[in-house]
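*Asks:* First the structure, then my questions, so here it is.
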Amino acid sequence: MSVTQHIVAFDLGLKRIGVAFCYQNICVPLEPILRINRHQAAQECRKVLEQKKAELLVLGISLDSSSTDENQRRCEHFVSLLKISIPVVYVDEWGSSKEVAVGFKDKRDGKLDSLAALVILERFLLNHTKI
């Protein structure tokens, strides 16, 4: 993987979608997307991917539960709504929200979700870049 690649990560939730971006190994959380319905959310996610000229999408998926197949199906369905032609990589999101939740009083503003997306993105980079 090229370190200059534009990468966007999403932490999908039922109410909010956390968003993070990486370019030249500098990763930052972005404004979360408030989810009204799946089509509106997909449209806004697609807009982020276009604005950031994403070459890769990293998507958090929960692999720690008995509903892993259902989670995979939901994620794949959401990706199909995006109508994108870039590669998609799924990364285990287990514990990402708890990892960043320390010190957050209001968890409904979405900042926590975007920080969780940042953790997911960093996990991907740790496993896929050579130093």
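Values in this text are rule-based calculations from the coordinates and carry no lab data. Quantities reported herein were computed from a predicted structural model and do not represent experimental measurements. Glycine also receives a Cβ, built like all others from the backbone with ideal geometry; neighbour counts cover every protein chain displayed.
*Asks:* All other residues with a Cβ under 13 Å from the Cβ of Glu50 taken together, and with Lys, Arg as +1 and Asp, Glu as -1, what is their net charge?
*Replies:* Values: positive: Arg46, Lys47, Lys52, Lys53, Lys83; negative: Glu44, Glu55.
Result for the neighbourhood of Glu50: +3.
*Asks:* Still on this structure, I have one more. For labels at Lys52 and Ser80 in the simple 7 Å Cα→Cβ model, what's the distance in nm?
*Replies:* Calculated label separation equals 2.5 nm.
*Asks:* Among 54-63, 39-48, how do they line up by average Cβ neighbours within 10 Å per residue, starting with the highest?
*Replies:* Packing order, densest peptide first, comes out as 54-63, 39-48.
*Asks:* Next up: For Asp92, enumerate residues with amide H under 5 Å from its amide H, sequence gap 5+ or separate chain, H modeled in the peptide plane.
*Replies:* Residues meeting the criterion, in which the H sits 1.01 Å from N, are Ile61.
*Asks:* Under a Cβ-Cβ cut-off of 11 Å, what is the net charge of the residues other than Tyr23 that fall near it, where Lys and Arg count +1 and Asp and Glu count -1?
*Replies:* Net charge around Tyr23: +1.
*Asks:* Now for a different question. Among 76-86, 16-26, 115-125, how do they line up by average Cβ neighbours within 10 Å per residue, starting with the highest? All intermediate terms of the calculation are to be shown ahead of the outcome.
*Replies:* Working: 76-86: 13.2, 16-26: 20.1, 115-125: 23.5.
Listed from highest to lowest mean packing, they are 115-125, 16-26, 76-86.
*Asks:* If you don't mind, another one. Can you check what the net charge comes to around Gly60, using other residues whose Cβ is under 11 Å from the Cβ of Gly60 (Lys, Arg +1; Asp, Glu -1)?
*Replies:* After counting each charged neighbour, the total is -3.
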